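Below you'll find the structure, written out as structure tokens, and then a few comments.
The values are calculated or read from the model by the stated rules, or taken from the named source; none is laboratory data. The shown structure was predicted, so the numbers you read here are calculated from the model rather than taken from an experiment. No Cβ is skipped: glycine too gets one built from the backbone with ideal geometry, and neighbour counts run over all protein chains shown. To get the accessible areas, we keep the full protein, side chains included, count just its heavy atoms, and leave off ligands, DNA and RNA. Shrake-Rupley method; radii C 1.70, N 1.55, O 1.52, S 1.80 Å.
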Amino acid sequence: MPQEMQWSIFSEITVPVLVIFPVVTLLFGLLLRRQHERQKAEHELQISENRFRSLFESSEVCIWNVDYSAVLERFRQLRTQGVSDLREYLEGNRRQLLEIISETRIIQVNDACVRMFGASSAQEFLESRLFLFTPEVTAVFLDHLCAIWEGKSHFRSEVKFRDLQGRIMIG
């Protein structure tokens with residue numbers, strides 16, 4: 001093969017071999033690395049979720065998993081309307097308080113809650129949750145709402161609940 005032809009072939013394949021191929025290899029390697037990191041993170045998340053689920057389900061303490069997203073939306077609306085003192089507003093608007101209570105969604109309860117409240121299943125508990133509200137529970141729930149309104153990350157209280165048989169208990 002004449003040297004001129006060799007040089008022509010060499011010059012035509014130099015850019016693809018010396019530039020494009022390494023860049024593509026590098027990009028493919030980065031893509032594989034990202035995919036591996038994502039899979040590892042998903043696996044760790046699954047392990048964490050399983051650990052949480054196990055703690056939740058096997059705990060001897062009554063645990064409720066509650067969704068407050070509708071309550072937070074209501075709070076946003078109230079702030080927009082100029083409400084600055086939630087307690088004063090809700091004490092003057094009991095209907096609003098009861099609506100907010102009904103917007104609080106209990107997503108799930110553990111077996112300890114089912115037993116504590118005398119329900120036959122979590123579903124029965126969830127369907128009967130408003131029955132559990134004594135006047136004292138409503139007052140404590142107002143305190144809880146005010147803590148959320150004020151941005152507090154913790155709230156603790158002791159309150160008298162009613163179980164599904166109507167008996168009063170402290171929780």
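For region 25-35, backbone phi angles converted through the Karplus equation (6.51, -1.76, 1.60; θ = phi - 60°) give residue-by-residue couplings of 4, 4, 4, 5, x, 5, 4, 5, 5, 4, 4 Hz, Gly and Pro being listed as x. The string of couplings for region 166-171 from the Karplus curve (6.51, -1.76, 1.60, θ = phi - 60°) is x, 6, 8, 9, 9, x Hz, one whole number per residue in order, with x for Gly and Pro. Normalised Debye scattering of the chain at q = 0.15, 0.17, 0.18 Å⁻¹ gives log10 I(q)/I(0) of -0.97, -1.11, -1.18, counting only Cα atoms as equal scatterers and leaving out solvent. Cysteines in the chain that lack a partner Cβ within the 4.7 Å cut-off: C146. Between region 119-141 and region 21-65, what's the alpha-carbon centroid distance in Å? Each part reduced to its Cα centre gives a spacing of 35 Å.
In percent, what relative contact order does region 45-128 have, based on Cα pairs under 8 Å that are 6 or more apart in sequence?
Details: 66 pairs, mean separation 34.9, N = 84.
42 percent.
Please give the length that would be gained between C62 and H43 if that part of the chain were fully extended, namely 0.36 nm times their separation in residues minus their C-alpha to C-alpha distance (nm, one decimal). Please list the in-between numbers first.
Numbers: separation 19, 0.36 × 19 = 6.84 nm, distance 2.86 nm.
That pair, C62 and H43, stretches by 4.0 nm at full extension.
In region 30-132, the portion of solvent-accessible area held by carbon and sulfur atoms comes to 51 percent [1.4 Å probe, whole percent, DNA, RNA and ligands not counted].
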